[in-house]
């Protein structure tokens, strides 16, 4: 069979030959995926080597997969989730509304924000993370699809993918072990950004099987010759000459054979010496030669397609060319006859090499002019703003009244999609427009707002510049809110905080003098920001703590009033005022708490901090989850990192030591792309406390070393907390006097800032314990009594329990024993499990000192179970030793059992004991196989067993041991 001239030189409709090895490798990867694993395969090679043809041929013959495809384009690298939209929008558009709702169940808002232009009409989000909720919800969509049918996500030309889509692919690959999903990508050699960490992570050997496509051998060339000429036995010498002239490169072979046939050659020995050498430059020359033979309308259409991209409507192409639709369609037929346009009716080139060749004939000035025209035509034709913006970025400086609005709209759309980096790119381009000072200030504010999602330092720089020129006081208020928020998330900033404070105070004072509601609201907001400054940097100057009964002037109707109520609650907390009074204020401030936004800052901040120290941990956890949901998919990496840090703090206050460490590490990893994480000192303070609880003193020292520098010029509120943890480290190392000195320094900073509450800074009780260890009983009594008085005044059970415990340890005899018994009683109902374990330890030791061995065993055993459950290895070891001295039995697993398992470990272990496989458990709990394996490993260690065969019996025995009693007590 002969195809004559029906096959063009550059088209991808030639048969696939010589790829048996690659097809077999794809089949092997597919078999692995069909067994229930997610895999990535990369087809890599130079332009025209046949990557796309190989991939499409393979999936067309493999009907087991649902195929979703995206083809990336150089102009679409700044399109937020551009590749993701190509993958999923056709699918969602093709299904019914009912099916669409089922696929998007629980994730519609953020997923549609990424996929659907029409859905991006809600207000611009103020905060969140592209690597958080939108990514998880896209994961969920793929998981639902994969449960119905194995899924193939094919991404052509990965080297041109947009960053948000690439970030999602990496995110999915890292969490989708148990889903039958194959991600197949093609990449062009020489154009891949090898230093891009996201790309490197996606295609690293542990995740990805890479197939390097090699040129065809002589046998492959022979198959193409046979196909084109219909010759059963083409001359071997002719085929070898074609191979030598092209190096076996499929695109070059096709171009050579196509041209040879047009020139009347036959695959015989007579023509073997007439074969010219074909390289990319030769092919480009052939394409250019064909265009030179064409009319001006054909050349104009080729350039329009090269600039505007594939599959654009004829009307847009006609506008670019300055002609009519009929002229464009006629020119398209001429391009097809030249073999440069696809024969299937699509207005797209037969191969990307054609586009490269067309653009390669233009000078840099012509390229800029072409992109500028494409931008203007696209704007006037109502094309999406991101298309307009892509051309503007490629064109260089373009001026016109339409340019700035287009860039700002594109930035707004990018923020809605959860791609703040893209928005920043557009707004940087907007700054190159001729702007008057007020307009430039507004663009700088928009740029700073977008940057605050992921780069606090850039946000501070932009917003500080905007404040120099903004005259509208509402805009200045917005700018100060963004600036304060960015300062919150930026450590090591060189911004003059006193200067920021003066700007806030000046705007507050001017608005306080006004009489309208807007004036009052703005004044309240500025007061809230200044209160945050006073807490964040105590050198700004603390304000006096409010007393009960001074809040009648504040309702809870406006954002400003809520902000002030939350701040008053926090100040009252610091001043050790009664907890019920504080709880009442915080309830009024947080009722129906709205979503996070810069103009509400620092409302959520003070509500969260107050709930944490009131020990309202369930409410605090709900707030944290609420904020995480609200900011989902909006691209605010820094805020997500801060919420993870808050979650780590919650875990530590509950006594979940391992969870606290893991979450703190996740917070650090979340912020790593933006450099140093926000609140790095607090993060490391949590890590030090957790590591000390586990007995890892050397690891805690390594964490502390970078921060253990005295004499800082500016002391943030984090420093006193760190000093308490550093003191604990020094005491654990045996350096009691240095630890005591650090605690005194902590107390000095707390007194200077007006923080007297032991709920926030229990430095006195820790110093009392150090004095006692040094033999200074009098000082120990004085400090213990001071903290106990403050704790009774603030009426927070954790603080009271800790103070009672220390007071009991420094007081001998029956009085000390009563204080310790009260500490255990007070801490029992609280979430402070680790503090309760410590109190039980001290109570058991005191009972043992009174020769109440049975009572001591009960207290010590309960404390041991708690300590083991918390993961507090050091305390568990001490409790085990004391229990042994009291005559109690310490089980082979060190008192560990079901109570020692985390919630995740217990869920996984229960299913495993019932006979579920790891894969089944992962599917039931919607977690990765790696997570299941980690939980089982932890459970085996805590239960003292070697593997799954012993799990059911070990859990049953541990449960019986927990319910039963020690024979020594009978």
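The values are calculated or read from the model by the stated rules, or taken from the named source; none is laboratory data. None of the values given here were measured: they were computed from a predicted structure. Please note: Cβ atoms are built from the backbone with ideal geometry, for glycine as well, and neighbour counts cover all protein chains shown.
One residue stands out in the range 54-66 among those that are crowded, with 18+ Cβ neighbours inside 10 Å and in contact (Cβ under 8 Å) with a residue 60 or more places away in the chain: the one that is nearest to residue 173 (Cα to Cα), namely 65. Can you spot a residue in the range 287-299 that is more than 23 Å from residue 238 (Cβ to Cβ), without any contact (Cβ under 8 Å) to a residue 24 or more places away in the chain, surrounded by 13 or more Cβ atoms within 10 Å (Cβ to Cβ) and not assigned by TED's automatic domain parsing to the domain that holds residue 76? Yes. Can you confirm whether residue 40 is part of a helix (DSSP H, G or I) and either over 16 Å from residue 210 (Cβ atoms) or touching a residue at least 60 places away in the same chain (Cβ under 8 Å) (or both)? Criteria not met by residue 40. Given the condition in contact (Cβ under 8 Å) with a residue 60 or more places away in the chain and assigned to a helix (DSSP H, G or I), answer yes or no: does some residue in the range 734-743 qualify? No: zero hits.
Taking the criterion of being within 28 Å of the chain's Cα centre (by Cα), buried (at least 21 other Cβ atoms within 10 Å of the Cβ) and more than 21 Å from residue 445 (Cα to Cα), the residues of the range 361-398 that qualify are 387, 390. Pick from the range 443-479 the residues that are surrounded by fewer than 21 Cβ atoms within 10 Å (Cβ to Cβ) and under 24 Å from the mean Cα position of the chain (by Cα): which of them is nearest to residue 419 (Cα to Cα)? Top of the filtered list is 458. Within the range 336-360, being surrounded by 16 or more Cβ atoms within 10 Å (Cβ to Cβ), in a loop (DSSP other than H, G, I, E, B) and touching a helix residue (DSSP H, G or I) at 6+ places or on another chain (Cβ under 8 Å) holds for 338, 339, 340, 342, 347, 348, 351. Of the set (1) modelled with pLDDT of 90 or more; (2) part of a helix (DSSP H, G or I), all apply to residue 323 but (2). On the given criteria, is residue 622 more than 14 Å from the chain's Cα centre (by Cα), in a helix (DSSP H, G or I) and either modelled with pLDDT under 90 or not assigned by TED's automatic domain parsing to the domain that holds residue 580 (or both)? Criteria met by residue 622. So is residue 88 assigned to a helix (DSSP H, G or I) and at pLDDT 80 or above or not? For residue 88, the condition - assigned to a helix (DSSP H, G or I) and at pLDDT 80 or above - is met. In the range 246-317, counting only helices (runs of 4 or more DSSP H) that sit wholly within it, the ones holding 3 or more residues that are more than 49 Å from the chain's Cα centre (by Cα) span 250-262, 280-292. Output yes when any residue across the range 863-883 is at pLDDT below 95, within 25 Å of residue 771 (Cβ to Cβ), surrounded by fewer than 22 Cβ atoms within 10 Å (Cβ to Cβ) and within 35 Å of the chain's Cα centre (by Cα), and no when none is. Scanning the range 863-883 turns up at least one residue that is at pLDDT below 95, within 25 Å of residue 771 (Cβ to Cβ), surrounded by fewer than 22 Cβ atoms within 10 Å (Cβ to Cβ) and within 35 Å of the chain's Cα centre (by Cα). Within the range 596-614, is even one residue at pLDDT 70 or above, within 28 Å of residue 653 (Cα to Cα) and not in a helix (DSSP H, G or I)? Within the range 596-614, one or more residues are at pLDDT 70 or above, within 28 Å of residue 653 (Cα to Cα) and not in a helix (DSSP H, G or I). Cβ contacts < 6 Å: first residue touching a residue at least 40 places away in the same chain (Cβ under 8 Å), restricted to the range 202-216; second residue assigned to a loop (DSSP other than H, G, I, E, B), any location; separation 6+ or different chain. Result? Pairs that qualify, where the first residue is touching a residue at least 40 places away in the same chain (Cβ under 8 Å) and the partner is assigned to a loop (DSSP other than H, G, I, E, B), are 213/49; 215/247; 215/248; 215/249; 216/18; 216/248. Residue check: residue 330 meets all listed conditions (1) surrounded by 20 or more Cβ atoms within 10 Å (Cβ to Cβ); (2) closer than 30 Å to residue 258 by Cα but one, namely (1). For the range 399-437, a tally of residues being without any contact (Cβ under 8 Å) to a residue 24 or more places away in the chain and surrounded by fewer than 22 Cβ atoms within 10 Å (Cβ to Cβ) returns 5.
Residues checked against (1) at pLDDT below 90; (2) within 29 Å of the chain's Cα centre (by Cα); (3) assigned to a loop (DSSP other than H, G, I, E, B):
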| position | (1), (2), (3) |
| --- | --- |
| 36 | yes, yes, yes |
| 49 | yes, no, yes |
| 54 | no, no, no |
| 59 | yes, no, no |
| 69 | no, yes, no |
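Matching residues to (1) in a helix (DSSP H, G or I); (2) at pLDDT 90 or above; (3) within 16 Å of residue 208 (Cα to Cα):
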residue: 123; (1), (2), (3): no, no, no
residue: 127; (1), (2), (3): no, no, no
residue: 134; (1), (2), (3): yes, no, no
residue: 139; (1), (2), (3): yes, no, no
residue: 144; (1), (2), (3): yes, no, no
residue: 154; (1), (2), (3): no, yes, yes
residue: 159; (1), (2), (3): yes, no, yes
residue: 170; (1), (2), (3): yes, no, yes
residue: 175; (1), (2), (3): no, no, yes
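Which of the residues belonging to the range 227-236 are without any contact (Cβ under 8 Å) to a residue 40 or more places away in the chain and out of contact with any helix residue (DSSP H, G or I) (no Cβ under 6 Å at 6 or more places or on another chain)? Even if it seems obvious, please write down each step before you answer.
Of all residues in the range 227-236, those without any contact (Cβ under 8 Å) to a residue 40 or more places away in the chain come to 231-236.
Of everything in the range 227-236, those that are without any contact (Cβ under 8 Å) to a residue 40 or more places away in the chain and out of contact with any helix residue (DSSP H, G or I) (no Cβ under 6 Å at 6 or more places or on another chain) turn out to be 231, 232, 233, 236.
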